[in-house]
Amino acid sequence: MSLFRVTGAEIKGISAAVPATVVSNRDYEIISPAEREVLIKTTGIEKRHIAHHGETTGDLCYAAAEKLITSLRWDKSEIDLLIFVSQSPDHFLPATSIILQDRLGLSKTTVAFDILLGCSGYVYGLSVISSMMATGGFRKALLLAGDISSAGVNVKDKSTYPLFGDAGTATAIEYNRGYQITFNLQSDGSGKDAIIIPHGGVKYPITAESLVEKEYEPGITRHMRNLALNGMDVFNFSVREAPPNVKALLDYCEKSAEDVDLFVMHQANFLMNETIRKKLKFPADKTPYSLREFGNTSSASIPLTLVNSMQEVQKSSTRVLLSAFGVGLSWGSCYLEANNWSCPPIQTI
Amino acid sequence: MDSIDQFIVKLERELDMVEPGTLNPEVNYRNIPNWSSMYALIIVALCETEYDVAVTGEDLRKCNTISDLYNIVASRKG
């Protein structure tokens, strides 16, 4: 059973931080100017913020968390749960969440751990953190979600390099006995090869061979430590699985598309997301995007887009539907209500 | 289901780098000027949104002409 309701945890605010360096797909010289225009129109991605060498997901999430804590005037001693969601942690080990517990000056009584998920990670992370909050054993919690995807892509691979941007986010959650979030989560590991960095784990440790580049077709050159993405398979998967997942969630909540004020999808690419939106018959003006300026920011894309839509979520009783899908394959959706969230403007660091 | 001529009109509308009137049923879609994998995604998205038919990468590999592509969509549309 993947449909469930959690009662007891309420989002109080979200913040996001991105690196200062901006790269434009109009300057992507691997492909012709005509192909660049088709790429930008199809993916919706014009620019991306890219981390400099050594800048980490932890750095971006740290900046986002500090900003949010200040904005909410939270007492750090009341934060007793921190979850970090990423597929580009600062180190192989220890977990980045634990490093951030110390760096943020949180108490040693804080529970801190990582969740290793990408595109679907924010919705999954929200389900885990809210379920723990619902026990009543925690007062305040931080869900930190982000990725430095640029570290894994090869500039000579037009199927990945122009798509991904870097970002870190923080979501503040408080115990609230009556607040509900409803989830529908799914997984299909048979699609593991659709989005994969083959080498670098224990199964295929890095050797000299891992870093030998190979041209798979013109414009697609990468090595085994780079991200490989089968765009067509991901497109077919997302368009096939995301709409019924969302419909099942809405049915479970006894809601329809008209009962949703804001439909925020993982920012994969514009054409794919628009196909999902049209299949679900959501109006375009309820479906915000952050792709144009930030690209696909992996686990950060949903909270980053929410911060970008701050005029909506800072109101009371905004009904929000989130849908995430991608690497794993892993996907899920959740339905919740935004009440006067604190959303400081996106930081550039 | 649309006729193949209506299908081609919609295809040309989506592939807006293509001059209207240049496509016909016998054209090999891979020979469309400036063809790239992005065009393949545009075609698959069109089949989903206009006809509610899923076309996969494997389907496209088996197709050569626009007529082949139309026949796949028409057969699945029923």
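The values are calculated or read from the model by the stated rules, or taken from the named source; none is laboratory data. Since we're looking at a predicted model, the values are computed, not measured. Positions of Cβ are generated from backbone atoms using ideal geometry, with glycine treated the same way; all protein chains shown enter the neighbour counts.
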Exercise for review: Being closer than 27 Å to A:S187 by Cα, surrounded by 20 or more Cβ atoms within 10 Å (Cβ to Cβ) and touching a Gly at 6+ places or on another chain (Cβ under 8 Å) is the filter here, so list the residues in the stretch A:128-158 that pass it.
Suggested key: A:S130, A:M133, A:A134, A:L143, A:L144, A:A145, A:G146, A:D147, A:S149, A:S150
Exercise for review: Identify, by number, the condition in (1) small (G, A, S); (2) more than 14 Å from chain B (Cβ to nearest Cβ); (3) in contact (Cβ under 8 Å) with a residue 40 or more places away in the chain that A:G54 doesn't meet.
Suggested key: (3)
Exercise for review: Hey, could you check the stretch A:188-227 for residues that are aliphatic (A, V, I, L, M) and within 14 Å of another protein chain (Cβ to nearest Cβ) and say which is nearest to B:S37 (Cα to Cα)?
Suggested key: A:I220
Check your understanding: Within the stretch A:316-343, which residues are in contact with a Gly (Cβ under 8 Å, 6 or more places away or on another chain) and not in a strand (DSSP E or B)?
Key -> A:V327, A:G328, A:L329, A:W341, A:C343
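Working only within the stretch A:216-249, note down all residues that are outside any helix (DSSP H, G or I), free of Cβ contacts under 8 Å to residues at least 40 places away in the same chain and of a type outside the set (S, T, N, Q).
Filtering the stretch A:216-249 down to residues outside any helix (DSSP H, G or I) leaves A:216-230.
From the residues that got through so far, the ones that are free of Cβ contacts under 8 Å to residues at least 40 places away in the same chain too are A:216-218, A:224, A:230.
Across the stretch A:216-249, the qualifying residues are A:Y216, A:E217, A:P218, A:M224.
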Exercise for review: Would you check which residues across the stretch A:88-111 are closer than 18 Å to A:T56 by Cα and touching a residue at least 24 places away in the same chain (Cβ under 8 Å) and list them?
Suggested key: A:S88, A:P89, A:D90, A:T96, A:S97, A:I99, A:L100, A:R103, A:L104
**Study point:** Given (1) touching a Ser or Thr at 6+ places or on another chain (Cβ under 9 Å); (2) modelled with pLDDT under 95; (3) closer than 23 Å to A:R5 by Cα, index of the condition A:S316 fails
**Key:** (1)
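Quick check: anything in the stretch A:216-225 within 26 Å of A:V111 (Cα to Cα), in contact with a helix residue (DSSP H, G or I) (Cβ under 6 Å, 6 or more places away or on another chain) and surrounded by 14 or more Cβ atoms within 10 Å (Cβ to Cβ)? Explain how you work it out, then say what you get.
Within the stretch A:216-225, the subset within 26 Å of A:V111 (Cα to Cα) is none.
The answer is no; no qualifying residue exists.
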Revision key, fill the gap. For the stretch B:27-46, the count of residues that are more than 7 Å from every other protein chain (Cβ to nearest Cβ) and more than 12 Å from the chain's Cα centre (by Cα) equals 3
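I'd like the residue in the stretch A:263-279 that is surrounded by fewer than 20 Cβ atoms within 10 Å (Cβ to Cβ) and within 21 Å of the chain's Cα centre (by Cα) and, out of all such residues, is farthest from the other protein chains (Cβ to nearest Cβ).
Taking the stretch A:263-279 as the starting set, the residues that turn out to be surrounded by fewer than 20 Cβ atoms within 10 Å (Cβ to Cβ) are A:270, A:274, A:278-279.
If we keep only those that are within 21 Å of the chain's Cα centre (by Cα) as well, we get A:270, A:274.
On the way: A:F270: 10, A:E274: 8 Å.
Among those residues, the one meeting the criterion is A:F270.
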Point to revise | Exclusive hit being within 26 Å of A:K281 (Cα to Cα) and within 14 Å of another protein chain (Cβ to nearest Cβ), set A:D157, A:D233, A:D251 | key: A:D233
Exercise for review: Please identify the pairs in which a residue from the stretch A:12-29 that is part of a strand (DSSP E or B) has its Cβ atom under 8 Å from the Cβ atom of a residue that is among the basic types (K, R), counting only partners at least 6 apart or on another chain.
Suggested key: A:S15/A:K67; A:A17/A:K67; A:V22/A:K47; A:V22/A:R48; A:V23/A:K47; A:V23/A:R48; A:S24/A:K47
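Considering every residue within the stretch B:59-77, establish whether at least one is at negative phi, of a type in the set (K, R), in contact (Cβ under 8 Å) with a residue 40 or more places away in the chain and surrounded by fewer than 14 Cβ atoms within 10 Å (Cβ to Cβ).
Filtering the stretch B:59-77 for residues at negative phi gives B:59-77.
Next, from what is left, pick out any that are of a type in the set (K, R): B:61-62, B:76-77.
Keeping just the survivors that are in contact (Cβ under 8 Å) with a residue 40 or more places away in the chain gives B:77.
Next, from what is left, pick out any that are surrounded by fewer than 14 Cβ atoms within 10 Å (Cβ to Cβ): B:77.
Among the residues of the stretch B:59-77, at least one is at negative phi, of a type in the set (K, R), in contact (Cβ under 8 Å) with a residue 40 or more places away in the chain and surrounded by fewer than 14 Cβ atoms within 10 Å (Cβ to Cβ), which makes the answer yes.
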Review point. Is it fair to say B:E19 is surrounded by fewer than 19 Cβ atoms within 10 Å (Cβ to Cβ), modelled with pLDDT under 90, within 14 Å of chain A (Cβ to nearest Cβ) and under 18 Å from A:I276 (Cβ atoms)?
Key: no
Practice item. Considering only the stretch B:48-68, state which residues are of a type outside the set (D, E, K, R) and either at the interface with another protein chain (Cβ under 10 Å from one of its Cβ atoms) or under 12 Å from A:M232 (Cβ atoms) (or both). Key: B:T49, B:A54, B:V55, B:T56, B:G57, B:L60
Check your understanding: Can we say A:S187 is within 23 Å of A:S290 (Cα to Cα), of a type in the set (S, T, N, Q) and surrounded by fewer than 23 Cβ atoms within 10 Å (Cβ to Cβ)?
Key -> no
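Table: residues versus (1) within 30 Å of A:R177 (Cα to Cα); (2) of a type in the set (D, E, K, R); (3) buried (at least 23 other Cβ atoms within 10 Å of the Cβ).
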| site | (1), (2), (3) |
| --- | --- |
| A:L3 | yes, no, no |
| A:V6 | yes, no, no |
| A:A16 | yes, no, yes |
| A:V23 | no, no, no |
| A:I31 | no, no, no |
| A:I40 | no, no, no |
| A:R48 | no, yes, yes |
| A:Y62 | yes, no, no |
Review point. Residue check, A:Y28 against (1) within 14 Å of chain B (Cβ to nearest Cβ); (2) at pLDDT below 95, all met but one. Which one?
Key: (2)
Review point. Which residue pairs have Cβ atoms under 7 Å apart, sit 6 or more places apart or on different chains, and have a first residue in the stretch B:34-51 that is free of Cβ contacts under 8 Å to residues at least 24 places away in the same chain and farther than 16 Å from A:I40 by Cα and a second that is among the aromatic types (F, W, Y) and assigned to a helix (DSSP H, G or I)?
Key: B:V44/A:F235
